[in-house]
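Worksheet for the structure shown next.
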Amino acid sequence: MSKTVDHDTLERELLEHRDKLLGFIRTKVADPQAAEDILHDSLLKAARSLQQLDDPDKLVAWFYQIVRHAIIDRRRRQQTEAKYLEKYARDEQVAVTPDEQASLCTCLHDLIPTLKDEYQEMIEVMELGDGESEQVAQRLGISRNNLKVRRYRARNKLKERLEECCGDCAERGCLDCTCHE
């Protein structure tokens, strides 16, 4: 007859090993708060997955495996987030000066209304206007990261439309427009 582990046993066993578990996590994660978060998230996952534990005598080893996976998942999320935030930060640094705006391709203004409403707004407020990321995100009720994603997509869609419409002019950045001459 196989023994099962209940939630009280899980809690009691893991509390006995809490300091060692936290120490293990801190060797892998520098931020003490993040280490605590990983420990708590792992405990919740263990509580939800308790029925998957085959051998109650291996409870602590099983939990260490859950912790290892949580650490790996956190690293992957951080790497992905860092990669995209860096890309969006570079995109955000590109601003159109008043002189450049005056010499922009005349097709640009004709193509903006053909974009989806949310993309049109991104271009008008963030690229052609002087919208600040934090304020625009708050007004739209979205996170700053979501705003960056929308802005990136809006730029790409406008770029596609300009390339379809203007060809060579778009390849030169649509400055000093010659496509209507």
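Give the shape of the stretch 24-65 as rounded, prolate or oblate, defined through the alpha-carbon gyration tensor: a ≥ b ≥ c are the square roots of its eigenvalues, a/c under 1.5 means rounded, and otherwise the shape is prolate if a/b is larger than b/c and oblate if not.
On the way: a/c = 4.41, a/b = 1.96, b/c = 2.26.
Because a/c hits 1.5 or more and a/b fails to exceed b/c, the stretch 24-65 counts as oblate.
Could I have the simple spin-label model distance between residue 16 and residue 145, label points 7 Å from Cα toward Cβ, reported in nm to one decimal?
So the two model labels end up 3.9 nm from each other.
Computed from the coordinates by the stated procedures, all read-outs in this text should not be read as laboratory data. Everything numeric here is computed off the predicted structure, so don't read it as measured data. Positions of Cβ are backbone-derived with ideal geometry, glycine not excepted, and every protein chain shown enters the neighbour counts.
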